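Bear in mind that the values in this text are calculations on the coordinates, not laboratory data. Bear in mind the structure is a predicted one, so any value in this text is a computation, not a measurement. Please note: Cβ atoms are built from the backbone with ideal geometry, for glycine as well, and neighbour counts cover all protein chains shown.
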Amino acid sequence: MSNHPVPGKQYIVLESDSTLSGIAVRAYGEASKGKIIALANKSSHRVIDQDKVVVGEVLNIPVLKSDRIN
């Protein structure tokens, strides 16, 4: 797990994180990618809402096609 959102790793939500969009900016450089994080964590027992994140929650930060190394 990482204390910084890194594609392909799990990330623990910090008190300073307020939304998935904010986490997406740190992980991918784009707030719009928050939807991708939400979808990657949809099977989690917690409901993922882009406007709310739970401190201590473990999120999967997916690798995007453009991030993959061939």
By the mean-Cβ-within-10 Å protection proxy, highest first, 32-40, 3-11 rank as 32-40, 3-11
List the residues, sorted by chain then number, that are 5 or more residues from Lys9 or on another chain and whose placed amide H is less than 5 Å from its amide H. Ile61
Chain lengthening between Val63 and Thr19 when straightened (0.36 nm per residue, less Cα-Cα): 13.9 nm
Could you derive backbone 3J(HN,Hα) for the stretch 21-28 from the dihedral phi with the Karplus parameters 6.51, -1.76 and 1.60 (θ = phi - 60°), listing whole Hz in sequence and x where the residue is Gly or Pro? 4, x, 5, 5, 4, 5, 7, 10
Packing-based order for 21-30, 56-65, using average beta carbon neighbours within 10 Å, highest first: 21-30, 56-65
